[in-house]
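Report on the structure given below.
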Amino acid sequence: MESVVSAPVASGDFAADAAAFSAYWRDAKDRLARLPAKPRRDPATAMAAEALKQAARDARFAFLRRHACTLYDRLTAGRTKFVRVERLVYDAAEAVPGLVPTRAEVAAEAELRQADKDGCEIDQGILANQFLADPACGLHLCHAMLLPREESADALAKFRRDGALDLGHARVERQGKAAVLLLANKRFLNSEDNATQPATEIAADVCILDPESQVAVLRGDVVPEGKYAGRRIFNAGINLTHLYYGKIPFLWFLIRDLGFVNKMLRGLAKPEVPPDEVAGDSIEKLWISAVETFAIGGGCQILLATDFNIAGRDAYMTLPARKEGIIPAMANLRLARFVGDRLARQAIMYERRIECDSEVGRMICDEIIDPAEVDATIARVIDRLTGSGAVGAIGNRRALRLAAEPLDTFRRYAALYAREQALCHFSPALISNLERFWNAQGRRA
């Protein structure tokens, strides 16, 4: 049986500590590799594997608590260049071997069902936690994630040329003074997964950067078949089937909420100036959400980030975090300021369903209308929000955001989220919840 070897003690010298800890993690990896694969472990070998992994994770925290800022500065040339989190973690893997998994190691685990993974991506969560926990490094990383994606300039040019943009799982159209982002993962009821993520964020960039529109609208596309054939669905949340089958990487959570959703709330950053509300600057538009049928999980989370929410009278919202076994992104940070702490706890921890056409629903949704009137209501709200010009509206938006959720508050929450979501993502409870409440084992990915 493999025993746990004591980790080195950080000395404060980056190079010496990196060498010592890398040797320790290499030894731990070799010991783990000598054990059976996770599905074939008996209770004794399973316990030994968990002890090895936990000791290695404790050592990662110990190393990073001394050296996170030094490492971040090395990876970003002293914070003179911006590196998105999905590249940053792999640059760190090269800089300090064993600290976080390599691309090859993550790719190997990506072939497995979630239940069969050893969870090497938890180490990415530890790294992101320690980077975000430091004010200077964390705000710089938030800045990097709020910049437009590299692909967005070409996408914007195409949209301006053609007046429409089809990115597969997301589309952008014009409606009067608005750019409309349509979620279009139709097979999975407009849920979000690894395939939808790049398209959705690029589409959001295009909506915000488009000079010919004054506001942006988020809406679900029409679902062509199945139970909801012919109906628009706003957002079904994370694709739970893909989650169960191991097709949602841990970084998906960070990219989504430091990128796409945060861009709706805060706008796009400029490289030359921080995006904070007090001394910085950003490129912003008001966002309107149009909820049809339902806003489940991530769909409900988005409503807490947009400026004006329209909902059909028959629509509802849920945050089924308990049944999923994960943290509902930034909802724990935002929901209580809409409905109060007690109702927020009921929604997050006791999966309380919120009808849009209810007293609680109206705390989140600004207009509740007949489902047949959604199109007309969107047009009316666009006209009203653009009727007095965009400058005053954006100034008020920033002032409200400063009072409720300044960027540094978001950074601190994101640090906690990175750590806790990584642990949840590879928890046995997640698998049992998906099998019990979602019948995930009987669904086709």
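Modelled with pLDDT of 95 or more, not in a loop (DSSP other than H, G, I, E, B) and not assigned by TED's automatic domain parsing to the domain that holds Lys323: is that true of Arg436 in this structure? For Arg436, the condition - modelled with pLDDT of 95 or more, not in a loop (DSSP other than H, G, I, E, B) and not assigned by TED's automatic domain parsing to the domain that holds Lys323 - is not met.
Restricting the range 135-159 to residues that are over 18 Å from Arg74 (Cβ atoms) and of a type in the set (Gly, Ala, Ser) leaves a set whose member that is surrounded by the fewest Cβ atoms within 10 Å (Cβ to Cβ) is Ala157. The residue of the range 346-370 that is nearest to the chain's Cα centre (by Cα), among those that are in a helix (DSSP H, G or I) and hydrophobic (A, V, I, L, M, F, W, C), is Ile348. Contact map, the range 4-30: residues that are outside the structural domain of Ala93 (by TED's automatic domain parsing) and within 13 Å of Phe61 (Cα to Cα) paired with residues that are part of a helix (DSSP H, G or I) and of a type in the set (Ser, Thr, Tyr), Cβ distance under 6 Å, separation 6+ or inter-chain. Pairs shown: Ala7/Tyr24; Pro8/Tyr24. Candidates in the range 333-378 are the residues that are in contact (Cβ under 8 Å) with a residue 60 or more places away in the chain and surrounded by 15 or more Cβ atoms within 10 Å (Cβ to Cβ); of these, the one that is nearest to Pro211 (Cα to Cα) is Ile378. Of the numbered criteria (1) touching a helix residue (DSSP H, G or I) at 6+ places or on another chain (Cβ under 9 Å); (2) buried (at least 21 other Cβ atoms within 10 Å of the Cβ), the one Gly226 fails is (2).
Among the helices (runs of 4 or more DSSP H) confined to the range 211-287, the ones with at least 1 residues that are more than 25 Å from Arg334 (Cβ to Cβ) are located at 240-244. Selection over the range 1-44 of residues that are of a type in the set (S, T, N, Q) and assigned to a helix (DSSP H, G or I) gives a count of 1.
Within the range 307-332, the set of residues being in contact with a Ser or Thr (Cβ under 7 Å, 6 or more places away or on another chain) and surrounded by fewer than 21 Cβ atoms within 10 Å (Cβ to Cβ) comprises Gly325 only. Restricting to the range 324-365, name every residue that is among the charged types (D, E, K, R), at pLDDT 95 or above and in contact with a Pro (Cβ under 8 Å, 6 or more places away or on another chain). Residues satisfying the conditions do not exist here. Of all the helices (runs of 4 or more DSSP H) wholly in the range 74-133, which have at least 1 residues that are surrounded by fewer than 17 Cβ atoms within 10 Å (Cβ to Cβ), among the basic types (Lys, Arg) and without any contact (Cβ under 8 Å) to a residue 12 or more places away in the chain? It comes to 85-95. Among the residues of the range 44-70, those that are under 22 Å from Ala33 (Cα atoms) and of a type in the set (S, T, N, Q) comprise Thr45, Gln54. Within the range 166-184, residues that are within 18 Å of Pro211 (Cα to Cα) sit with their Cβ atoms under 9 Å from residues that are part of a strand (DSSP E or B) and of a type in the set (Asp, Glu), at 6+ positions apart or across chains, in these pairs: Val172/Asp166; Ala179/Glu173; Val180/Glu173; Leu181/Glu173.
The values are calculated or read from the model by the stated rules, or taken from the named source; none is laboratory data. Here the structure is a predicted model, which is why all the values come from computation and not from measurement. Neighbour counts run over all protein chains shown; Cβ positions are idealised from the backbone, glycine included.
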